[in-house]
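The values are calculated or read from the model by the stated rules, or taken from the named source; none is laboratory data. Everything numeric here is computed off the predicted structure, so don't read it as measured data. Reconstructed Cβ throughout: ideal geometry from the backbone, glycine too, with neighbour counts over all protein chains shown. To get the accessible areas, we keep the full protein, side chains included, count just its heavy atoms, and leave off ligands, DNA and RNA. Shrake-Rupley method; radii C 1.70, N 1.55, O 1.52, S 1.80 Å.
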Amino acid sequence: MRKSAAIIKPGEYLLILLKPYSSIASLPQILSLDSEPVDLSAQLLSILSRPNWQKHPSLRKLLPSLTPSHVSSLFAFNLDPQTALSFFNWIALRPGFKHNVHSYSSMLNILIRARLLGVAEKIRISMIKSCCSIEDVLFVLEVFRKMNADGEFKFKPTLRCYNTILMSLSKFLLIDEMKTVYLELLNNQISPNIYTFNAMVNGYCKIGNVVEAELYASKIVQAGLHPDTFTYTSLILGHCRNKGVDNAYEVFLIMPQKGCQRNEVSYTNLIHGLCEAGRINEALKLFADMTEDNCCPTVRTYTVLIYALSGSGRKVEALNLFNEMKEKGCEPNVHTYTVLIDGLCKENKMDEARKMLSEMSEKGLIPSVVTYNALIDGYCKEGMIDDAFEILDLMESNSCGPNTRTYNELICGLCKKRKVHKAMALLNKMLERKLSPSLITYNSLIHGQCKVNDLESAYRLLSLMNENGLVPDQWTYSVFIDTLCKEGRVEEAGTLFDSVKAKGVKANEVIYTALIDGYCKVGKIDVAYSLLERMLNDACLPNSYTYNVLIEGLCKEKKMKEASSLVAKMLTMGVKPTVVTYTILIGEMLKDGAFDHALKVFNHMVSLGYQPDVCTYTAFLHAYFSQGMLEEVDDVIAKMNEEGILPDLVTYTVLIDGYARLGLTHRAFDFLKCMVDTGCKPSLYIVSILIKNLSHENRMKETRSEIGIDSVSNVNSVDIADVWKTLEYEIALKLFEKMVEHGCTIDVSIYGALIAGFCQQERLEEAQGLVHHMKERGMSPSEDIYNSLLDCCCKLGVYAEAVRLVDAMVENGLLPLLESYKLLVCGLYIEGSNEKAKAVFHGLLSCGYNYDEVAWKVLIDGLLKRDLVDECSELIDIMEEKDATAQADIACAALMRLAAANSTKGALEDHELRGLSVNHGELTQLSGLVNNLISVGLGCVATFAAVVLEDNVLMEKAWQDIGILRAHAWNKILQKGIEHTPSDKIDAAAAFLDSLKEPELPSLAESEKKPPIETLPPGRVSLSAPISVQRKHVPATQQQPGKLLLSEERQLVLHHHQNRVKPLQMRTIQVHQLSVLALIQLLYHPKVVQFYLRASQGT
């Protein structure tokens, strides 16, 4: 194998900003610039050239490392055909080795050259059957056609060969190619047989095109042949795929009349079709009839029915059928277990699902990624994130790689738990595994950032999404609109809403509802109503959520009559009111003290068949507590128990708060015990209520006053926010005594709430005392506790303790919040502890955070907003030194190789560049990046990318933006200073690539010896030229703060950057895990601009 040549010298780089997650992201595994791969193929050639090579001791050592690609490389040498065939067959029998289409093709070339056509035909058939993907089939098809063409290696395909490739094309639904191959068969004057026609029928039936399938079925009769069981079974499948189950049934019924015996596949196809149509009972009847037709249900038959029963809520029947199949000796397969596990997870029966997974393993079945994903999704939906990550560890230990959906489910689960920094870190993991984040990935992350009130980072993710070629959808915009509305920024939400249509996104009911809710919350009911009308005019039908937010808005404005009228209007629009609808009305009536009216609405709701939920009963509890109506409270609690409705966090908060306010502390603690026992963690607010009550009791004892109902006003006189300011440490410990007294379990969550309360008021000493207290009782601080302490230390400026906490967290596998890191790093720099700041940042980069988020939150929102530009430059240096992936170097090298190959397409065909594994479709995605770069003013980057893409239009656009290209190439044509204007129709790409031919390079390694040159459009000076640029005065009205630099200002920054001792890495962007977006925001941040302009003036 050829040694990889370093293309770029150390210290010499392209002035280029390449997103590290572009189409070249797959290169690191293949292209190595630093190490020489072991040439196994050459070693093999040496071994095979000896007699009795099978017994050679070195061969046994090499065997574990051999892959089909090594076999292909070996066969590229001039190897004896018989030796090659012997080795080919010998290695195929080795455990763990399996030939692929490429190794088969290499063997085939040798056999055809030697005219060993009999063996070659067998190898050709095996090659076709070995196809595992669409790419494999298309490769085989290309080989197939080359053999059919005139030339040295002509080897005409046989009918069997045609039939085999037709079935392979059918398998991967490559129907157009299948039809083309069929026509080629006819052109070669080969007569089709029943297998040929059946392959065509089957292919069209798989995509539900019964018309075409029946056309080929008719050709069977025209050819004097008879349709067989395979033909009719395919037609049954086709009708079912076309949602014509009744037609499928007709075909099924005529099979015996045509002399065709139905088989298990015939039954299973029809059963599947019936299940897909929701006709499960008919499917079960057909299933029962199978034995009468001498057909035994297969594992797929059972699995289809189990899936249908499970999906329709008939879980007991599904489990019964599962047990029946085992009793009848039909062993469930991975798919069967996966269906059941998925059903159990959707019913929140996670323990049973986990047992089912164990049963699979005991039977020797290897769970698939779909199996594991079902469990991960189930745990995440239940908020059991730790268990979800246990499954991730388990699947990886079983050599089952997670896919994009795996990460999407984990990211979604983390975001729901407000662990956005961990979700962003998972984005890194995805990219390391060469998995492409999907729209769902970004939508979940955007939702997570919005949930923690970081709208700025959400907008940055939106830009990152666009940069990666993904188009925001309705869900994306609904999250932004909803978040803006919740922050009271309704006008901004309205502006975004108006822009959605211009972006080609049709506003749906979710977007409309979010905006209507926003206007209702700020009291603009008229605007909300106008939006409802606009919604109807846009043929977007409101749902119950839409009407509910309007009804709630009217209730808050005390417009009960209009709210009731809107309920009636819902019915006329065909939208049924929900429990939420009635609960909104009941809640408002209870607030107004209209208890009788509220009860009437409640009874009316029940009479209509609606089941009151926990929110309905909580509304009554809140109202009764506010009036001291304890008997009614007891009645509601009894009713909830009777109906099996469990209290949620809000209900427990109302109960504990209500009893505490009335001085009934024992009852409050009774419900705290119930809460903890059911696994519902007490919030900071609940702990504050109890602490407030205990503080009040303590004061009353000190004044020898007796606590009673008449002292409620005194309890209420202390504001919750003030509790933690005045709370004595001993009262916190008394909470533990009271909990023990009432049989409550004291866990980490209780300590966490207390510590959070003290930390919010910057009472670090008391918080640390509680940490010591919990450790004495054998409990370790949680991640939330550490983060509370860390945040408190940073706000107090106790940075030495903060650094200790960070070290302890990292040592225990916990992630500090980036917000805390930001405060710590900035604080250390401000107090002059620069080395400590850099050490902390260096440690941060080892924790797996997403580099974009680090740049956004620590560098941009932290250092740059505090004018710490030099310090920001230092930390970017550290990010570069960390060099976790060396992605930028590899990307630059890849682009250079593409350029050296004279064209993108040529690079794909060049022997030296095959190892890059970059297809043309992936590379053309760079054109989208070029346009993005131009739009944000990064013309230098855009120009080089345009050159690689050979796109002159894009290149001219890029030149007009910044007009400079610094390329490591030997461009003698443009180096001589060809004068032209932007309007000249000069093929700059061709000039650039042609220049690489003179002088002709003997090897790519010679590129190291060539000096870098610059290609410059008119009016631009060289970067290496002496600086003699005077900055033009820009009127204040033209320069907008926060906007990207004008072209000339960028040029000035680039010039002065050259002479900086510690520049902000503008000469070479090597912060490898950073996206283009984050780098743009860093480089063109107003603070950075001011920094360089000050430097230019010698200040």
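Applying 1/(1 + (r/R0)^6) with r as the Cβ-Cβ distance of K258 and L117 and R0 = 35 angstrom yields a FRET efficiency of 0.30.
What percent do you get for the relative contact order of segment 127-174 when only Cα pairs under 8 Å and 6+ apart count?
Result for segment 127-174 is 42 percent.
Distance from the alpha carbon centroid of segment 800-819 to that of segment 276-327 works out to 54 angstrom. Ordering D747, D596, D657 by accessible surface, largest first, gives D596, D747, D657; the 1.4 Å probe counts only protein heavy atoms, with every chain in place. 3J(HN,Hα) along segment 631-642: 5, 5, 4, 4, 5, 5, 4, 4, 5, 4, 4, 5 Hz, from the Karplus curve 6.51 cos²θ - 1.76 cosθ + 1.60 with θ = phi - 60°, whole Hz, x for Gly and Pro.
About its Cα centre, segment 501-550 has a charge dipole of approximately 200 debye under the convention of +1 per Lys or Arg Cβ and -1 per Asp or Glu Cβ, with nothing else charged. When nucleic acids and ligands are ignored and a 1.4 Å probe is applied, E390 ends up with an accessible area of around 90 Å².
Would you kindly calculate the mean projected area, averaged across all directions, of the convex hull enclosing the Cα atoms of segment 571-709, in square nanometres?
Result: a mean projected hull area of 10.0 nm².
Largest first, the residues R262, R699, R113 sort by 1.4 Å accessible area into R113, R699, R262. With K and R counted +1 and D and E -1, the other residues having a Cβ less than 12 Å from that of L790 yield a net charge of -3. The residues packed around A619, meaning those with a beta-carbon under 14 Å from its beta-carbon, carry a net charge of -4 if Lys and Arg are +1 and Asp and Glu are -1. So which trypsin sites (Lys or Arg not before Pro) in segment 718-780 end up in coil per DSSP with only 13 or fewer other C-beta atoms within 10 Å? Qualifying residues, ordered by number: R777. Among the listed pairs K349/K434; K179/K219; K381/K451; K416/K865; K285/K328, those with a Cα-Cα distance over 26 Å are K349/K434; K416/K865.
Taking every alpha-carbon pair in segment 437-583 and binning the separations at 10 Å intervals from zero gives 12, 40, 31, 15, 3, 0 percent.
Looking at segment 531-637, the trypsin sites (Lys or Arg not before Pro) that sit in a DSSP loop and have at most 14 other Cβ atoms within 10 Å of their own Cβ are K558. Quantify, in whole percent, the carbon and sulfur part of the accessible surface of segment 127-262 (1.4 Å probe; protein heavy atoms only). The nonpolar share, carbon plus sulfur, comes to 54 percent. Rolling a 1.4 angstrom probe over the protein heavy atoms with all chains in place gives segment 509-664 an accessible area of 48 Å² per residue. Computed from backbone phi, the HN-Hα couplings of segment 679-696 come to x, 8, 6, x, 7, 4, 5, 5, 4, 4, 4, 5, 4, 4, 5, 5, 4, 5 Hz, rounded to whole numbers (Karplus: 6.51 cos²θ - 1.76 cosθ + 1.60, θ = phi - 60°; Gly and Pro given as x). Ligands, DNA and RNA are left out, and with a 1.4 angstrom probe the accessible area of segment 346-425 is 47 Å² per residue. Report, in whole Å, the centroid distance computed from the Cα atoms of segment 545-590 and segment 638-675. The two parts, judged by their Cα centres, are 28 Å apart. Positive contributions from Lys and Arg (+1) and negative ones from Asp and Glu (-1), summed over other residues with Cβ under 15 Å from the Cβ of G658, come out at -3. Accessible surface for W90 stands near 50 Å², nearest 10, in the context of the full protein assembly shown (1.4 Å probe).
Under conditions of 4 °C and 1.567 mPa s, segment 324-375 yields 118 µm² s⁻¹ as its translational diffusion coefficient, taking Rh as the Kirkwood radius over Cα pairs in the Stokes-Einstein equation.
For segment 450-508, the orientation-averaged shadow of the C-alpha convex hull comes to 3.9 nm² (one quarter of the hull surface).
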